[in-house]
Amino acid sequence: MNIFKLTKLLLLMFLMLMPFTAHSETPQYKVQKGDLLQIFLPGEKAFAEPFDVDRQGRIILPEIGALQVSEMSVAEIQELLSIELAKAFLDLPNLKVYLLKKQLIISVRGYVKQPGEFTLQSDASIQLAIHAAGGLRTGAQLDRLQLIRGKQISIFNYKKYLDSGDSALLPKLQSMDALFIPASPMTGNVEVEFNPADLANAGDSANDSQAIKVFGEVNRPGSFAYRKSMDIVDLLMASGGVTRYAGVEKIRVITQGTPALFNLKEYLDSGDQKHLPKMQPGSTIFIPKQEEEIKTGAHMVYVMGEVAKPGAYESKNGASFMDILANAGGPTRFAESRQIRIIKADNSIVNFDLSAYTEGTNAMKPPHIFAGDAIFVPEKTDMNEKSWLKVTPNRAVRVLGSVVRPGRIEWSDEMSLLDLLAHVGGPTQRADTNNIEIVIPQSYGKPQVHNFDLNAFIKNGRPDSDLPEIKAGSTIMVQDLPQDPSDNKAQWVRQSAEKSIYIFGQVGAPGRYMFSDEMSFLDILSAADGPTDKADLRNIRINHRNKRSQPVSKLDLALYFETGDDTILPLVRTGDTIYIPEKNRLWLDQTKESTVRVLGAVNKPGRYRFDDTMTLLDLLAEAGGTKGEAYIENITVVNMSCCRDQARSFNLSDFSRNAKFSDLPVLRAGDTVYIPFRSESGYEKFRKGLTDVIQAVALGALIGLL
């Protein structure tokens, strides 16, 4: 059997089967968008697959392109294809067109899991369209679904269909319809995980002005629809009941704008219906949190401190001190039972030694306790340390600072300062024994402060009678010696300003240093690592802060090194300030408003300090004078301080002949002086030009002679 006969046989079989596989359509049926067409053209593999009618109602054919076929019958489409395909294909008499499948193009939008456009079978329903979009999302509003057909929007209740199963409640779908599922207003304006159980637990009423609101210490606060038969107990039960922290004795109820209190405990104890408040539409119920209340009363006794169960206890007639203390659990193991205090209702205080009473060494009986009294059991101190309570403040002296064992020491009048320092182990290696501070309390007025030099006392061998007098209640402070300022500036706060001297500027380690009257200027300069190579030794300034007659002095240290005269060195004291400036200070240290600029043909152009006592001659002299090529007949002065953009000329040559000081221009700080070079004068430019012309003429004449 050849290939031609085989092809013919297959064609006959296809034609026999086609009526059964193709969709049976009426001749009047118009092809819709989304339908599936089968085109049979023998010998063309490109037409083996069916063709979809797209959103624009077109099919895309090979070699031809897009053809509009929607709203046409199958016969009309076959006639159209016969005309169009004849342009590129042969054997068109055998062309057949079949409606293979009716389909719908449906767009599903809104609150669904997978919104988009879907192709469904022709008899698909709303439910199948939602299923194709992955189903509804939690929180979709089922009673207001929208079917959009062109510009027409119809709203239907999908929930009602789900409740009844009546398909007549759902609209029929057509190709190119759009289905929109809105979100419920109860989901809020923020996208969060929506839990329907929370909605159910929040009550059975939503956005109802007549709903009764229940909130506070209940398990499921919410809004509940009002019913005439309900009471407040029904509402509390609907809210899941009260929590364990609810204050049921002070439930607040607001009915028609009138607040009232409801005692649930009283109602449950009595069962009397008259205690129940009347519920009205829109009522509000709030269950507060139970709070600890202060127990007061005419029979209360208070037990505080180191007992097992401190608190307020209701006392009965005949209750003794032991009864009340035992009812509070008794003293703990940290209680100081020798110092128990009873604070009476009349503010008097009674001390009681419970330990001595239990040992039988105290004849005092337990005090009588009455209503309003308070029993305080204090805490005992650490047994490893000496209790301060055993030494009263009027028998103790405090020793602080740089000693081996600082603390609170029991004092006796026969003791001295040396005895006290020896008792605490003496000063440490870092102690500043030149300036021990002693604060002695006075019966009236402020305490007295004394400074004691222990080093001088020992060095001079002075007697004990020269030691400062100390009495009980005094405070002794032994300061630390300061650290190197370059190592730890945080220690400076422990050094008082009265014992310090300050050194700044061009030294190796500027800072604040401990100073005594035995030291000199060279001592403090050496402590600061000496001057640097940039230091201006001829202009050292010393600020004597405690000297009113001459607060600032100037030192030429270079002259001291040249002569060795000690009288040149200043006398410095604590609190003074030493500043060593830099030889070459930056221009940035001087503002342009405080200087005058000298430019041009001078020996040292630059910026110079200027005041009103100086003249142009002083300024030129400070700049090293003019150069030999300076054009002094036309010196320019630019006044920037008083008159903007104003320049004046000055003839220094004429001034040198007539010496009229009135001709000198007025200078102020901020001005600019420019001395031009003689090559910039008009005469010089003319002379050079004339010389060039003469040389050119002479050169021309020489060339002519040659």
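Structure above, values below:
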{"read-out": "Listed residue (T284, Y267, G241) projecting farthest to the positive dipole end of the range 220-311, Cβ model", "value": "T284"}
{"read-out": "FRET efficiency estimate (nearest 0.05) - Cβ-Cβ, V666 to K554, R0 41 angstrom", "value": "0.80"}
{"read-out": "Extension gain, N451 back to E266 (0.36 nm per residue minus Cα-Cα distance, nm)", "value": "59.1 nm"}
{"read-out": "Relative pair counts by distance (%), Cα atoms of the range 426-487, 10 Å bins", "value": "19, 43, 28, 9, 1"}
{"read-out": "Förster radius 35 Å - calculated FRET efficiency between Q442 and N543, Cβ distance, rounded to 0.05", "value": "0.45"}
{"read-out": "Most to least accessible of Y158, Y579 (protein chains only, probe 1.4 Å)", "value": "Y579, Y158"}
{"read-out": "Length gained when the stretch F370-S167 is fully extended (0.36 nm per residue, less Cα-Cα span)", "value": "64.6 nm"}
{"read-out": "Distance between modelled label sites at Q290 and S416, nm, 7 Å Cα→Cβ extension", "value": "7.2 nm"}
{"read-out": "Contour minus Cα-Cα distance for V350 and Q256 (0.36 nm per residue)", "value": "28.1 nm"}
{"read-out": "Cα-projected label distance for I343 with A396, points at 7 Å along beta-carbon direction, nm", "value": "2.2 nm"}
{"read-out": "Whole-number D in µm² s⁻¹ for the range 49-149, Kirkwood Cα-pair radius fed into Stokes-Einstein, 10 °C, 1.306 mPa s", "value": "98 µm²/s"}
{"read-out": "Residues Q121 and E84, FRET efficiency given R0 of 35 Å [Cβ-Cβ distance, rounded to 0.05]", "value": "0.75"}
{"read-out": "Accessible-area composition of the range 229-354, carbon plus sulfur, in percent [1.4 Å probe]", "value": "50 percent"}
{"read-out": "Spatial extent of the range 591-673: Rg and Dmax, with the Cα atoms as the point set, Å", "value": "12.0, 36"}
{"read-out": "Alpha carbon centroid spacing (whole Å) that separates the range 265-282 from the range 93-144", "value": "57 Å"}
{"read-out": "Debye intensity ratio in log₁₀ form over the Cα atoms of the range 224-321, taken at each q of 0.21 Å⁻¹", "value": "-1.09"}
{"read-out": "Reachable aspartates and glutamates, given that their alpha-carbon falls under 13 Å from the alpha-carbon of K278 and they are not under 8 places away in the same chain", "value": "D231, D234"}
{"read-out": "The range 495-565, dipole about Cα centre (Lys/Arg Cβ +1, Asp/Glu Cβ -1), debye to the nearest 20", "value": "460 debye"}
{"read-out": "Distance between modelled label sites at T567 and E44, nm, 7 Å Cα→Cβ extension", "value": "13.1 nm"}
{"read-out": "Percent of Cα-Cα distances greater than 18 Å, calculated over the range 110-172", "value": "36 percent"}
{"read-out": "Reference-scaled alpha-carbon Rg (2.2 N^0.38 Å with N residues) for the range 68-120", "value": "1.73"}
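The values are calculated or read from the model by the stated rules, or taken from the named source; none is laboratory data. Keep in mind the model is a prediction, meaning the values are calculated, not measured. Every residue, glycine as well, gets a Cβ built from its backbone with ideal geometry; the counts of neighbours run over all protein chains shown. Protein only, heavy atoms only, side chains kept; ligands, DNA and RNA dropped before computing areas. Shrake-Rupley method; radii C 1.70, N 1.55, O 1.52, S 1.80 Å.
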